[in-house]
Each structure stands twice: as structure tokens, then as C-alpha cells.
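First up is the structure itself, then whatever we jot down about it.
The values are calculated or read from the model by the stated rules, or taken from the named source; none is laboratory data. It should be emphasised that the depicted structure is a prediction, and the values quoted were computed from it without experimental measurement. Neighbour counts run over all protein chains shown; Cβ positions are idealised from the backbone, glycine included. The area values use the complete protein model at the heavy-atom level, side chains included, leaving out ligands, DNA and RNA. Shrake-Rupley method; radii C 1.70, N 1.55, O 1.52, S 1.80 Å.
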Amino acid sequence: MKPSRCLTRVVLILALTAAALAVENLDRGLVAVQKPDGSVFLSWRLLKADRPNIQFRLYRTKAGSDERTLLTGEPYSPTCFTDTTPDKSATYTYELQRNRRGERAAAPAVLATTTINLSDTPKPYLSIPLAGDYDFQKVGVGDLDGDGVLEFLIKQPNFNTDPYQQPGYWKKSTTTYKIEAYTLSGKLLWRHDMGWSIEAGIWYSPWVIYDLDGDGRAEVYCKAGEGDPRDEKGLVQTGPEWLIKLDGRTGEVLAKTDWLGRDGYGDYNYYCRNFLAVAYLDGKTPSLIMQRGTYNLIRIRALDKDFNTIWNWETTQEAKKYSGQSGHGLITADVDNDGRDELVIGAAVIDDNGRGLWTLEIGHPDAFYVADIVPDNPGLECFFGIEPRRPKNGLMVVDAATGRILWGHGEPTFHVHGQGMAADILAEHPGMEVYAGERDYKKRWLYSADGKLLNFYEDTPLAPRALWWDADPQKEVVIGRTIRNWPDETIQELEGSPIVVMDCLGDWREEVVTALKGELRIYTTTIPTEDRRTCLLQDHQYRLGVAAQTMGYYYPATLGLQQ
């Protein structure tokens with residue numbers, strides 16, 4: 001069957017867009033983890049620039065020896081390997097090479113090296129010691145020095161206060177947030193104290209890590225203020241507000257500009273909701289997106305790398321039909337396949353030119369995702385779980401380009417709560433399954449991509465985190481401190497509080513970063529796979545989703561159409 005003209009055009013646009021976008025410089029992310037039986041599991045990145053038929057060699061060298069052992073047979077195509085013959089208490093260096101036919105052994109094309117100290121107590125994770133006995137609330141990644149190796153940045157401590165002025169929500173900040181940058185080996189590069197002008201809650205303290213200025217090194221952008229403007233109760237309601245740029249190598253403040261103003265919002269709860277994200281509005285260069293407001297008035301400003309305004313938008317420009325449509329995050333995605341990113345602010349989309357593209361006019365969604373959910377519908381879809389009371393469609397899937405409802409939950413809902421889930425977790429159903437529920441009424445629903453109710457639950461969690469962990473095409477889920485096959489088959493125990501899921505090391509499977517007192521842990525899979533996929537961070541939508549995980553509620557990054 002011949003492809004339609006429309007499909008051919010979409011594929012061409014995506015191909016041109018992928019070619020125009022600068023690809024982040026990443027190394028191979030070679031990682032080695034000791035398994036309980038003493039063997040060593042290694043995995044590494046397949047990159048967009050690799051030839052389709054690229055093959056590898058993996059060598060092992062024992063500490064104190066010059067003799068290298070070739071571990072992989074030739075040819076070797078997978079991007080992971082299990083070394084079953086090491087000594088359990090030795091130190092080894094592994095060297096990954098590109099396998100080029102006829103290449104001299106004296107001049108190998110070395111892609112990566114890593115060293116591991118084996119012990120009698122194997123650990124299924126990598127550990128970064130922190131500079132104090134604290135945990136953290138957010139974590140992000142970026143190449144701060146341009147060498148292709150990702151650094152890890154945290155915002156600590158793990159304390160949160162919500163602007164909602166009711167008992168049990170807002171609490172007086174007991175300390176200030178600090179942003180800290182670490183190397184994978186555990187070296188603290190710098191610390192930025194956000195100060196008392198930023199209350200210790202996610203809605204006051206958005207930040208992102210990204211190379212916006214195009215110099216090959218990621219910068220850090222965050223909200224800032226001056227001095228200590230807290231009133232007698234501890235609220236920050238006055239004083240200047242800034243967006244600042246920090247040098248990724250030193251943490252030094254390089255530039256600042258005004259944040260979006262408090263005027264027009266009225267209530268403290270409304271003007272204390274702030275977001276940051278990155279979008280390629282022209283399809284070629286990254287822009288920084290500031291947002292203020294969730295529940296009524298919403299303001300957005302797009303900035304270039306020099307903090308020049310590209311456009312301003314607010315709900316009053318759209319006859320207020322966009323008012324209160326924001327979610328608890330900000331998702332960047334090319335929803336209309338024009339090669340330029342739009343902003344999915346919640347139950348509404350702002351076009352790349354700073355004008356409203358569509359709105360559902362149904363209120364604030366707690367759960368929302370943008371992905372290729374429905375195989376039979378061209379392009380991307382959005383899944384929503386709506387917080388306000390609804391007679392129907394409290395859960396729904398809509399066409400991302402138009403907002404057209406593809407299907408919806410047919411019964412009344414009272415408060416769909418939590419982040420929900422959109423992921424392919426069941427092999428027997430095409431496309432992605434979607435999941436959301438109500439906290440107060442113990443109702444949770446799992447639907448197929450085409451709107452068939454697959455299961456009803458009363459006590460499953462409201463925010464499972466989907467991830468690729470094993471060797472099959474379906475995703476697994478992080479529930480509590482376990483990785484499971486949905487819904488309750490445990491395959492990996494975790495220690496610490498899971499903070500993010502992202503593909504930050506090794507092959508295309510995803511890592512789970514957890515927070516413990518004084519430690520950042522990175523759990524990475526040790527399950528072999530023959531499946532070769534490009535590093536997920538080189539998917540445009542996924543990469544911007546990872547960048548947005550340091551602000552707002554946590555939403556797992558999802559792939560775009562070009563993957």
C-alpha cells in the first residue's frame with residue numbers, strides 16, 4: 001500500500017527538522033555494574049551519528065596488568081555485554097572500540113573506557129556522594145563543560161511548601177534551596193543558594209539545565225530574587241523577581257532579566273505558580289519559556305539566548321477561554337507536525353508564534369501527557385485527567401494537533417488526582433495504555449489506546465512512573481520503591497526515594513535516580529537485550545521533557561514522532 005501524500009509530507013518535515021536541529025554532543029555513556037553472581041554487565045549508547053551497521057569490540061584489562069582480553073566475538077552488534085569471567089575482588093578497566101574491518105590493533109578507534117572495583121557485595125547502582133547529610137527534591141542532567149559527559153545537578157533539600165493557603169499545604173520555609181552540580185565521580189563543582197526570596201517549594205523555584213547559547217556547554221536558568229523579603233508569616237509577596245543565567249562550569253551569575261509580574265493575579269496562591277521550559281519555536285534554535293499562573297490568569301514569555309523577548313502571551317488575549325487550563329507542568333512538543341515546537345500548557349496548546357492553537361475549556365488537568373498514544377490516529381495525542389468535577393470526559397485522549405476528542409471516560413468524575421500514566425505496558429493491546437484515578441474515592445481506571453476500559457482498581461498508586469527496563473518493547477513501572485511489571489510483579493528493589501526516570505547512562509533503557517541522605521543513586525538495568533535503539537536523549541521531545549523535569553510536578557519524558 002502506498003503512503004498517503006499527507007503522511008509523506010509529515011515524514012519529510014520531520015526528516016528536515018531532525019537535520020536542522022543541533023544534536024547534543026554525548027559520549028558513549030559506558031557503564032559497568034556488578035551483578036549478584038559476580039559477573040559484570042556493561043552497556044553503552046548508540047548515537048544518531050552512528051552508521052546503521054556499526055559494530056563494537058570490548059576489551060578488559062586487570063589492574064596491574066598490561067594484557068588485554070577481547071570479550072566480544074566478531075562481529076558484535078548489541079550495545080550491552082555481560083562479562084562472566086572476572087575475578088570477584090579485582091579492579092578492571094573496560095575499553096570499548098569501534099570494530100572496523102582491517103583496522104590495526106596498534107591504532108584502535110577507542111570510543112569509551114570505564115573502571116570498576118569488584119567486591120563480594122555487588123551493588124546494582126552507581127553512587128554519587130553528596131556534600132552533606134541531606135537529600136534532594138529535583139535532579140537534572142547536562143554537559144556543563146562540553147566534554148560529552150553528563151553532569152548531575154540537584155536542588156536540595158527535599159522540602160516542599162504549596163502556595164495553597166489551607167492547613168496542611170503552605171508551610172514556612174525552614175531553609176533555602178541550593179542547586180548543586182556534581183560529576184559522575186562525585187566531585188562537587190559548585191553550589192548556588194537560591195536565597196530567602198525563593199520559598200522552598202516547587203512552584204517558587206523553577207530551574208532548567210540546557211545549552212541555550214549554543215557554545216556546547218549547558219547553562220542553568222532559574223528564578224531568583226533579592227535579600228530576604230519574607231513578611232511576618234514567612235510569605236514572599238514583595239521584592240524584585242528575576243530570571244538568571246548561571247555558568248554551568250562555575251555557577252557564576254552571567255545574566256538576569258525580569259520575571260513575569262505578580263500584578264493581575266490577585267490571590268497569593270495564583271501568582272506563586274511558576275514554570276520554566278525549553279522549546280525550539282523556529283524549529284532550529286532553543287528558546288526559554290517562562291510561565292506564571294495555573295488556575296486563572298496565565299502569562300507566558302518566550303526569550304532567546306540573550307534574554308530578548310520573542311513574544312508575550314496571556315489568557316486575556318484569548319477571550320479568557322484559555323484561563324485556568326494549565327497543568328502542573330509545561331510540555332514541549334511539535335503537535336502539528338510543522339517542524340516547530342508548541343507549548344502544551346495543560347488542557348490547551350500555545351502555538352510556536354505565541355497564539356492559542358486550541359483549548360478544551362474544561363479546566364485544569366492534574367494528569368497530562370503528549371505522545372503517540374493511538375497508532376491509528378496520525379501524529380501525537382494528549383491524554384488528560386481533569387481535576388474539576390466533570391459529568392463525563394474526566395479522562396480523555398485528544399488529537400494533539402486540533403484538540404479533537406478521540407474518546408473519553410463516560411461516567412462522572414469528582415477530582416482526578418496525581419500524575420497518572422501514558423505508556424505501552426501491555427503487549428496484547430496496540431499503542432499505549434492510559435491510567436488515572438481519584439484519590440478520595442479510591443477509583444483508578446486503565447484504558448487501552450482506543451478507549452476500551454481494561455481494568456478498574458481501588459488501591460493502585462496515582463502516579464506510577466513508566467520506564468524501559470528489561471529486554472521487551474513494553475515498559476515497566478516504578479511503584480513506590482520497586483520496579484515492576486504492571487501492576488504488581490516486582491523485578492527490582494530500590495533504596496531511597498525515586499526522583500526521576502531518564503536515559504542518562506548506557507544503552508536505550510532508562511535509569512532511576514533515587515535520593516538518600518547524603519547520596520544520589522543511579523539504578524541502571526543489568527538485563528541483556530539484542531535490541532539496538534538510539535540513545536533516548538537524542539530524541540528531541542524526550543530531551544526537552546528531561547529538561548523540564550526540574551520544575552513543576554514530575555512527568556516522565558516521552559518520545560516524539562521522529563524516534
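Just to verify a result, which residue in region 325-382, among those that are hydroxyl-bearing (Ser, Thr, Tyr) and farther than 17 Å from residue 559 by Cα, is surrounded by the fewest Cβ atoms within 10 Å (Cβ to Cβ)? Please lay out each step first, then the result.
Restricting attention to region 325-382, the residues satisfying the condition of being hydroxyl-bearing (Ser, Thr, Tyr) are 326, 332, 359, 369.
With the extra rule that they be farther than 17 Å from residue 559 by Cα, the set shrinks to 326, 359.
Working: 326: 28, 359: 20.
For region 325-382, the residue satisfying everything is 359.
Of the residues examined, residue 525 is one that is of a type in the set (Val, Ile, Thr), in a loop (DSSP other than H, G, I, E, B) and either open to solvent by 20 Å² or more (accessible area, probe 1.4 Å) or in contact (Cβ under 8 Å) with a residue 40 or more places away in the chain (or both). Residues that are closer than 14 Å to residue 392 by Cβ, open to solvent by less than 50 Å² (accessible area, probe 1.4 Å) and of a type outside the set (A, V, I, L, M) within region 405-443 comprise 407, 408, 409, 413, listed in sequence order. Just one of (1) under 30 Å from residue 341 (Cβ atoms); (2) outside any loop (DSSP other than H, G, I, E, B); (3) at pLDDT 85 or above fails for residue 19. It is (3).
May I ask you to verify whether residue 400 is over 25 Å from residue 319 (Cα atoms) and within 21 Å of the chain's Cα centre (by Cα)?
Numbers: over 25 Å from residue 319 (Cα atoms): no; within 21 Å of the chain's Cα centre (by Cα): yes.
Judged against the criteria, residue 400 is not a match.
Scoring residue 222 on the criteria (1) within 23 Å of the chain's Cα centre (by Cα); (2) under 19 Å from residue 172 (Cβ atoms) leaves a single failure, condition (2).
Scanning region 501-517 for residues that are part of a strand (DSSP E or B) and closer than 22 Å to residue 42 by Cα, we see that the one that is farthest from the chain's Cα centre (by Cα) is 514. The single condition among (1) among the β-branched types (Val, Ile, Thr); (2) more than 17 Å from the chain's Cα centre (by Cα); (3) not in a loop (DSSP other than H, G, I, E, B) that residue 546 does not satisfy is (2). Filtering region 187-201 to residues that are crowded, with 18+ Cβ neighbours inside 10 Å, touching a residue at least 60 places away in the same chain (Cβ under 8 Å) and either among the β-branched types (Val, Ile, Thr) or within 30 Å of residue 115 (Cβ to Cβ) (or both) leaves only 190.
Pull up region 445-469, narrow it to residues that are in contact with a Ser or Thr (Cβ under 9 Å, 6 or more places away or on another chain) and open to solvent by 20 Å² or more (accessible area, probe 1.4 Å), then point me to the one that is farthest from residue 502 (Cα to Cα). Selected residue: 454.
Can residue 363 be described as among the small types (Gly, Ala, Ser) and either under 25 Å from residue 501 (Cα atoms) or modelled with pLDDT of 95 or more (or both)? Break it down into steps so the answer makes sense when it comes.
On the way: among the small types (Gly, Ala, Ser): yes; either under 25 Å from residue 501 (Cα atoms) or modelled with pLDDT of 95 or more (or both): no.
Judged against the criteria, residue 363 is not a match.
The strands (runs of 3 or more DSSP E) found entirely in region 73-186 that carry 1 or more residues being open to solvent by less than 50 Å² (accessible area, probe 1.4 Å) and over 28 Å from residue 515 (Cβ atoms) are 80-83, 91-98, 110-117. The residues of region 479-488 that are open to solvent by 30 Å² or more (accessible area, probe 1.4 Å) and in a strand (DSSP E or B), listed by number, are 484, 485.
Across region 291-315, the qualifying residues are those that are in a strand (DSSP E or B) and more than 18 Å from residue 340 (Cα to Cα), and the one among them that is nearest to the chain's Cα centre (by Cα) is 291.
This table checks each residue for (1) in a loop (DSSP other than H, G, I, E, B); (2) hydrophobic (A, V, I, L, M, F, W, C).
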position	(1), (2)
208	no, yes
216	yes, no
220	no, yes
228	yes, no
238	yes, no
243	no, yes
257	no, no
266	yes, no
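Against the condition under 33 Å from the mean Cα position of the chain (by Cα) and modelled with pLDDT of 95 or more, how does residue 14 come out, does it pass? The answer is no for residue 14. The criterion of being of a type in the set (D, E, K, R) and in a strand (DSSP E or B) does not hold for residue 352.
Those residues that are open to solvent by less than 40 Å² (accessible area, probe 1.4 Å) and modelled with pLDDT under 95, I need them from region 36-53; list them, please.
Going through region 36-53, the residues open to solvent by less than 40 Å² (accessible area, probe 1.4 Å) turn out to be 38-47, 50.
Of everything in region 36-53, just one residue is open to solvent by less than 40 Å² (accessible area, probe 1.4 Å) and modelled with pLDDT under 95, namely 38.
Can residue 476 be described as more than 21 Å from residue 82 (Cα to Cα), open to solvent by 30 Å² or more (accessible area, probe 1.4 Å) and either touching a Cys at 6+ places or on another chain (Cβ under 7 Å) or of a type in the set (Asp, Glu) (or both)? The answer is no for residue 476.
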